[in-house]
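What follows is a short report on a single structure.
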Amino acid sequence: MITFDQVSKRYPGGIDVLKNVSFELAKGEMAYLSGHSGAGKSTLLKLIAAIERPNSGTVLVNNQNVSKLKSDALPYLRRNFGLIFQDHKLLFDRNVFDNVLLPLQICGFEYKESAKRVRAALDKVGLLGREKSNPIALSGGEQQRLCIARAIVNRPSILLADEPTGNLDAEYAEEIMNIFNSFHQVGVTLLISTHDAALLRETNLRIIELKQGAIQPHSRYAADLHETEDA
Amino acid sequence: MNTLSTQQGVIRTALGRMFVSPMAGIVNILVIGIALSLPAGMYVLLKNAQGLVAQLSGSPQISLFLAMDATPYSEEQIRRQLNDHQNIKSVEFISRTDALNTLSEETGLTDVIAGLDKNPLPDAFVISPRTSNAKQLDELRNELQKIQGVELAQLDSAWAYKLEAFVEFAHIAVLVLASLLSLGLIAITFNTIRLQIVTQRDEIQVAKLIGATDAFIRRPFLYFGAIQGLLGGIAAWLIILSSLQLLKQPLANLSQLYASNFALEPLSAGDSASLLLFSLYLGWLGAWLSVARHLSLIESR
Ligand SMILES: Nc1ncnc2c1ncn2[C@@H]1O[C@H](COP(=O)(O)OP(=O)(O)O)[C@@H](O)[C@H]1O
Ligand SMILES: [Mg+2]
């Protein structure tokens with residue numbers, strides 16, 4: 001579903017953030033993307049959604065070379081993804097309901113059908129009672145769940161979540177992971193970036209670890225991560 | 001994609017943005033309205049002036065007075081020249097005898113005229129030209145004046161044609177004024193949309209990130225420009241209408257003094273529609289230019 005082949009990325013005037021990164025994420029797979037702050041996790045996720053372009057190498061999504069897409073094809077590529085941004089990117093000029101409505105407006109859904117879907121998405125993340133609130137009035141965990149609702153409302157086949165449990169208590173983090181697991185069960189492909197050691201320690205999911213711009217060869221399982229951290 | 005409900009959604013979005021700062025919106029609409037009402041109002045007055053000119057001058061005529069010593073032979077020659085002239089519609093000959101009879105009948109000075117030992121009036125042709133254009137009439141008069149045996153070629157109601165020439169000049173002045181103010185209107189919309197794009201920056205960025213096409217992002221701004229332009233046009237229309245209403249009575253009094261039944265014609269339905277369409281188009285154009293200029297400055301990251 002997602003293939004990186006020898007992908008390098010350098011921001012103008014900076015050093016290489018990613019160096020010859022290659023990996024594959026199968027359809028319906030759920031994996032973590034780990035690495036400490038600044039390792040290039042956000043950059044890697046942005047490359048998948050063609051928010052950034054690689055300097056070399058190819059990024060394939062559904063066998064489509066993302067970095068070669070024309071700019072007028074980008075919107076349609078991005079509609080395949082549910083994007084959960086590290087900085088949330090919620091809109092504070094509108095209420096919770098309208099924030100979740102935006103992706104459906106973009107795709108041109110009828111209002112009635114949209115409203116139904118928005119309420120279903122809000123229900124899924126437990127925010128149905130807050131649809132009239134402004135996002136600014138929500139707690140950190142609620143804002144995070146709102147991001148998830150907006151990402152899933154369009155029923156995407158791929159979810160890309162950038163540190164979705166970032167500043168949350170363990171309890172909230174677990175809640176959110178449960179939501180992701182339920183999507184995994186219905187066949188959605190998920191890539192979740194995190195530097196939450198506790199989360200990584202407990203999981204038996206695949207872990208793709210970034211270190212100094214490269215993927216650690218032996219970073220598939222949580223146990224391996226322990227070794228590298230101790231070293 | 002472009003279902004009716006999404007169109008309504010876009011219009012609602014555009015109107016919603018207008019009511020975010022209603023005062024600024026109203027000021028914009030008023031400025032546009034006043035700017036448009038100036039040339040449009042002058043246009044209405046000019047159209048009325050043209051009507052007045054036509055009413056006062058009727059169809060133009062040139063009177064050709066022959067020399068007192070003209071012979072029937074030279075009269076015949078002049079008549080042939082006039083008949084052959086392509087800019088002349090019809091020619092009527094009024095002999096000096098006929099002229100004198102008419103004069104005595106119309107004035108009642110029969111005795112005085114009978115007492116004259118010599119007819120003081122010349123033979124004359126009255127000519128209806130094909131044109132009613134002031135400049136062409138003047139050229140025709142000059143040409144006829146040069147004909148051998150013609151003492152005097154006189155353009156009747158020459159003042160009306162001069163007025164018409166002035167109206168024509170004023171028309172061009174109004175056109176220039178309208179062009180300048182239209183540019184101003186485009187500039188106003190351009191700037192309003194620029195400010196909107198700046199304040200909507202977050203929304204635009206997020207929308208792009210989650211798959212909005214450029215057309216989707218552009219649409220509410222274009223609708224906003226068009227709606228603001230249209231409302232400005234309606235304001236202009238109301239300004240003109242009420243101004244004409246104010247002028248009506250004083251003008252009626254004035255025209256009574258001149259024993260004329262002249263009344264101000266308001267904007268016709270066609271002119272009103274043109275005004276509204278034009279203002280809508282200008283608003284749309286200003287928004288389009290602004291979006292083309294500013295949207296690309298917002299990068300999708
Ligand atoms: N837009 C950008 N321009 C320049 N440098 C950037 C930009 N985004 C990220 N970086 C740099 O790239 C490196 C990786 O950043 P990022 O991908 O955000 O890492 P992570 O998400 O793992 O914390 C950092 O050193 C960061 O400073
Ligand atoms: Mg990051």
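Only the coordinates and a few stated rules stand behind these numbers; no lab work does. If you're wondering where the values come from, they're calculated on a predicted model, not measured in any experiment. We place every Cβ from the backbone using ideal geometry, glycine too, and count neighbours over all the protein chains shown.
For region A:2-22, the residues whose amide N sits under 19 Å from a probe point set 7 Å from the Cα of A:Asn55 along the beta carbon direction are A:4-22. Only beta bridges with both residues in the protein assembly as shown are counted; by DSSP, about 60 percent of them are antiparallel.
Remark: region B:11-111 projects, on average over all directions, an area of 14.4 nm² (convex hull of Cα atoms).
If we count every other residue with Cβ under 12 angstrom of B:Ile62's Cβ, Lys/Arg +1 and Asp/Glu -1, where does the sum land? The answer is -2. Note: chain B, Cα convex hull, 177 Å³ per residue. Hey, what did chain B get for relative contact order, percent, Cα under 8 Å, at least 6 apart? Worked out over chain B, it gives 29 percent.
Of the trypsin sites (Lys or Arg not before Pro) found in region B:139-220, those that fall in a DSSP loop while having at most 15 other beta-carbon atoms within 10 Å are B:Lys146.
Among residues other than A:Lys19 with Cβ under 11 Å from its Cβ, the summed charge is +2 (Lys and Arg +1, Asp and Glu -1).
Can you tell me, using C-alpha contacts under 8 Å and at least 6 residues apart, the relative contact order of region A:90-154 as a whole percent? This gives 50 percent for region A:90-154. For A:Gly82, the residues whose modelled amide H falls within less than 5 Å of its own, excluding neighbours fewer than 5 places apart on the same chain, are A:Ile158, A:Leu159, A:Leu160.
Ignoring the sites themselves, chain A has its longest run without trypsin sites (Lys or Arg not before Pro) in a DSSP loop having at most 11 other Cβ atoms within 10 Å at A:133-231. Compared with the dominant Cα axis of chain B, that is its longest principal axis, helix B:22-57 is turned about 10°. Placing +1 on the Cβ of every Lys and Arg and -1 on the Cβ of every Asp and Glu, with no other charges, gives the protein assembly as shown a dipole of roughly 1820 debye about its Cα centre. Taken residue by residue and averaged, Cβ atoms of other chains lying within 10 Å of the Cβ of A:98-109 number 4. Taking amide hydrogens as placed 1.01 Å from N in the peptide plane, the amide H of A:Leu18 sits under 5 Å from those of A:Lys9, each at least 5 positions away in sequence or on another chain. Compute the Cα gyration tensor for the protein assembly as shown, then decide on rounded, prolate or oblate, letting a ≥ b ≥ c be the square roots of its eigenvalues: rounded whenever a/c is under 1.5, prolate when a/b is larger than b/c in the other cases, and oblate in all that remain. Prolate is the answer for the protein assembly as shown, as a/c is 1.5 or above and a/b outweighs b/c. Note on region B:62-156: with charges restricted to the Cβ of Lys and Arg (+1) and Asp and Glu (-1), its dipole about the Cα centre is near 400 debye.
If you run the Gaussian network model on chain A, springs between alpha carbon atoms under 10 Å, then out of A:Ala26, A:Ala214, A:Ala50 the most flexible one is A:Ala26. For GluC sites (Glu not before Pro), the sites in region A:93-161 that DSSP calls loop and that have at most 15 other Cβ atoms within 10 Å are A:Glu110. FRET efficiency for the B:Glu76 to B:Leu177 pair, using the beta carbon distance and R₀ = 56 Å, is estimated at 0.55. Between the C-alpha center of region B:85-141 and that of region A:104-124 there is a gap of 87 Å. Helix B:72-84 and the longest principal axis of the Cα set of chain B meet at an angle near 20°. For B:Ile88, the residues 5 or more places off, or on other chains, whose built amide H falls under 5 Å of its own are B:Arg130. For region B:62-156, the extents of the C-alpha atoms along the principal axes are 42, 27, 17 Å, listed from largest to smallest. Angle between the Cα long axis of helix B:158-199 and the longest principal axis of chain B, 0 to 90 degrees, nearest 10? Roughly 0 degrees, rounded to the nearest 10.
For a paramagnetic label modelled on A:Gln86 (point 7 Å from Cα along Cα→Cβ), amide N atoms under 14 Å away belong, within region A:181-220, to A:192-196, A:210-213.
Between A:Asp16 and B:Ala170, the simple spin-label model (points 7 angstrom out along Cα→Cβ) gives 7.9 nm. Our estimate of slack between B:Asp156 and B:Asn253, defined as 0.36 nm per intervening residue step minus the Cα-Cα distance, is 32.1 nm. Taking every residue in A:77-83 and counting other chain Cβ atoms within 10 Å of its Cβ, the average works out to 3.
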